[in-house]
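Following this message is one structure expressed as structure tokens.
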Amino acid sequence: MGSRGRWAMIRDAALMLCFCALLPLAASGQSLQGRFYTPKSTYLVGEPIFITYELTNKDQKSAWVDSRLGDPCFDQSPITVENASPARHRWKTALDCGPIGIAGDCASGEVEIKPSQTHSGRIYANHYYQLDQPGIYEISIDWNVPVSDGPIPSFSAGTVELTGDVVIRVVQGTESELEAAFLPVLRDLASADFERRGPSLQAVTEQAQPFFAQTVLDLSRNPEDVWASIEGLYRINTPQTRSRLADLAEHGDSENGIRAQAMQALAATGDTGYLPLFFRVARSVKGYEQSMALEGAGLLGGDEAVAFLLSFLRSPDPLVRSAAALGLAGTASRNAIAPLIQETRDPAANVRWNANFALTQLTHRSVSQPAGADPAPTYQTWVSWWLTQGRNAAVYGPSECAEPTPLN
């Protein structure tokens, strides 16, 4: 047997050991013990990878743990994977090269684990990393789990550190094999147990394979699942799913942010046939939804949307002018630059800031603008650059990110 064959045997043995032995986790306390494992060692490219966790209470009294364990609502990923890129769950926006707001949070809660009982759940690993290339991946988990001996509002009693490693192999398969691999996931969507249904809902909407487009469309009509379906509709990106996004963008729930999220996703599909929808919605709504409509118009319309956005830049409301400036940031249009330069001396600080940001996005140049400072120097710097160099400089779109060149 050659060296390659011996290595393959050693590698396969290591994989089997990792998955059959179900390696125990290290814990800072002896009363709560846990482990991570996967149900199999080999997955297909595009197949969801679930890591099961089990927490067993070895004490004589109940232990209470944070119920968000396994829920991908934390800013920091609970897992790390060598040689894999973080997964992306957002679409192209006018802010792609700049700060992207503040991450949301999840409702807190508690799970009681009685003496000698085990609490289990699943982590959808693909939510955190792109595991979409053939190869062997070592996944490391390191969680500090808030734990208490009673149901209290905040877990101030202490934490238990749970660590572990699992190794999987990802191989190329056929579409029919992948579809078969998803059958258990689709069955779990009918489960009343959220521990099973929740990760499966993630997998269906975030993997978004073409063969369950109808499933994602059906989820988008369920008020409980519509929030999750938007990413799936965007990823599948067919005429039917874009039409559904358009319906949500125009008539979706405003209170829960469905309408604004659908507008962002629809704009990112690049289907310019929906530009009139963004024009129509921008004229009919206010606040954050109007901002999303203006941003979407800029992304889809480019030069064609500049005149429309400029009409909002003349609004007496500084919030509307500020939103219009961000809309212009996504146009990749030279015609947006001169009007934005004028807005760097707007009476409202937020308008000045967004105009300055939009100019940086479009030109890959920057002018420092300290809070509370006189806007005149910023304006003069941009005017000088525009008159001497700007007319021949390149103009960039929101996907073309680079470190900007300071002008002052």
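Mind checking whether some residue in the stretch 169-176 is acidic (Asp, Glu) and in contact with a Ser or Thr (Cβ under 7 Å, 6 or more places away or on another chain)?
No: zero hits.
Suppose we keep only residues that are closer than 21 Å to Cys97 by Cα and modelled with pLDDT under 95 within the stretch 379-393. Which one would you say is nearest to the chain's Cα centre (by Cα)?
So the residue we want is Ala393.
Between residues in the stretch 267-283 that are assigned by TED's automatic domain parsing to the domain that holds Pro239 and of a type in the set (Asp, Glu) and residues that are surrounded by fewer than 22 Cβ atoms within 10 Å (Cβ to Cβ) and at pLDDT 95 or above, which pairs lie under 6 Å by C-beta distance while being six or more apart or on different chains?
Close Cβ pairs (under 6 Å, with a partner that is surrounded by fewer than 22 Cβ atoms within 10 Å (Cβ to Cβ) and at pLDDT 95 or above) amount to Asp271/Arg242.
Tell me, please, whether a residue that is more than 20 Å from Ala203 (Cβ to Cβ), modelled with pLDDT of 90 or more, in a strand (DSSP E or B) and under 25 Å from the mean Cα position of the chain (by Cα) can be found in the stretch 138-154.
Yes, because at least one residue in the stretch 138-154 is more than 20 Å from Ala203 (Cβ to Cβ), modelled with pLDDT of 90 or more, in a strand (DSSP E or B) and under 25 Å from the mean Cα position of the chain (by Cα).
Related question: Out of all the residues in the stretch 268-278, which are part of a helix (DSSP H, G or I) and buried (at least 17 other Cβ atoms within 10 Å of the Cβ)?
Within the stretch 268-278, Ala268, Tyr274, Leu275, Leu277, Phe278 meet the criteria.
Taking the options Glu304, Glu295, Glu343, Glu289, name whichever one is surrounded by fewer than 17 Cβ atoms within 10 Å (Cβ to Cβ) and acidic (Asp, Glu).
Result: Glu304 is the single residue among Glu304, Glu295, Glu343, Glu289 that is surrounded by fewer than 17 Cβ atoms within 10 Å (Cβ to Cβ) and acidic (Asp, Glu).
Still on this structure, please answer the following. So which of Val281, Val320 is touching a Phe, Trp or Tyr at 6+ places or on another chain (Cβ under 6 Å), surrounded by 19 or more Cβ atoms within 10 Å (Cβ to Cβ), under 20 Å from Ala260 (Cα atoms) and not small (Gly, Ala, Ser)?
Working: Val281 fails: touching a Phe, Trp or Tyr at 6+ places or on another chain (Cβ under 6 Å).
Among Val281, Val320, only Val320 is touching a Phe, Trp or Tyr at 6+ places or on another chain (Cβ under 6 Å), surrounded by 19 or more Cβ atoms within 10 Å (Cβ to Cβ), under 20 Å from Ala260 (Cα atoms) and not small (Gly, Ala, Ser).
Have a look at Ala103, Ala63, Ala107, Ala87 and point out the one that is within 30 Å of Gly270 (Cα to Cα) and at pLDDT below 85. Break it down stepwise before answering.
On the way: Ala63 fails: within 30 Å of Gly270 (Cα to Cα); Ala107 fails: within 30 Å of Gly270 (Cα to Cα); Ala87 fails: at pLDDT below 85.
Of Ala103, Ala63, Ala107, Ala87, the one residue that is within 30 Å of Gly270 (Cα to Cα) and at pLDDT below 85 is Ala103.
Among what's in the stretch 33-42 and is of a type outside the set (D, E, K, R) and in contact with a Gly (Cβ under 9 Å, 6 or more places away or on another chain), pick the residue that is surrounded by the fewest Cβ atoms within 10 Å (Cβ to Cβ). Can you show your working first?
Taking the stretch 33-42 as the starting set, the residues that turn out to be of a type outside the set (D, E, K, R) are 33-34, 36-39, 41-42.
Those left that are additionally in contact with a Gly (Cβ under 9 Å, 6 or more places away or on another chain): 34, 36-37.
Details: Gly34: 24, Phe36: 23, Tyr37: 16.
Here the residue is Tyr37.
Of all residues in the stretch 232-260, which are part of a loop (DSSP other than H, G, I, E, B) and in contact with an Asp or Glu (Cβ under 7 Å, 6 or more places away or on another chain)?
Passing the criteria: only Ser254.
If you don't mind, another one. Among the residues of the stretch 285-342, count how many are within 15 Å of Pro398 (Cα to Cα) and either in the same structural domain as Ala94 (by TED's automatic domain parsing) or among the hydroxyl-bearing types (Ser, Thr, Tyr) (or both).
So the count comes out to 2.
Does any residue of the stretch 307-316 turn out to be under 23 Å from Ala348 (Cα atoms), of a type outside the set (Ser, Thr, Tyr) and not in a helix (DSSP H, G or I)?
Yes, the stretch 307-316 contains at least one residue that is under 23 Å from Ala348 (Cα atoms), of a type outside the set (Ser, Thr, Tyr) and not in a helix (DSSP H, G or I).
Could you check Thr331 against (1) surrounded by fewer than 19 Cβ atoms within 10 Å (Cβ to Cβ); (2) touching an Asp or Glu at 6+ places or on another chain (Cβ under 9 Å) and say which number it fails?
Of everything listed in (1) surrounded by fewer than 19 Cβ atoms within 10 Å (Cβ to Cβ); (2) touching an Asp or Glu at 6+ places or on another chain (Cβ under 9 Å), Thr331 misses just condition (1).
Just name the residue that is surrounded by the fewest Cβ atoms within 10 Å (Cβ to Cβ) out of those in the stretch 194-209 that are assigned to a helix (DSSP H, G or I) and among the aliphatic types (A, V, I, L, M).
Here the residue is Leu201.
Starting from residues that are among the small types (Gly, Ala, Ser) and in contact with a strand residue (DSSP E or B) (Cβ under 8 Å, 6 or more places away or on another chain), keep the ones in the stretch 321-378 and report whichever is modelled with the lowest pLDDT.
Here the residue is Ser368.
Also: If you scan the stretch 343-380, which residues turn out to be part of a helix (DSSP H, G or I), polar (S, T, N, Q) and touching a helix residue (DSSP H, G or I) at 6+ places or on another chain (Cβ under 8 Å)?
Asn350, Asn354, Asn356, Gln361, Thr363, Thr378
Taking the stretch 272-313 as the region of interest, how many residues are polar (S, T, N, Q) and more than 18 Å from His251 (Cα to Cα)?
Of the residues in that region, 2 qualify.
While we're here: Conditions first: (1) surrounded by fewer than 16 Cβ atoms within 10 Å (Cβ to Cβ); (2) within 19 Å of Lys92 (Cβ to Cβ). Arg242 passes all but one, so which condition is the exception?
All conditions pass for Arg242, except number (1).
The values are calculated or read from the model by the stated rules, or taken from the named source; none is laboratory data. Fair warning: this is a prediction, and the values are worked out from it, not measured in the lab. Because the Cβ atoms are built from the backbone with ideal geometry, glycine has one as well, and the counts that use them run over all protein chains shown.
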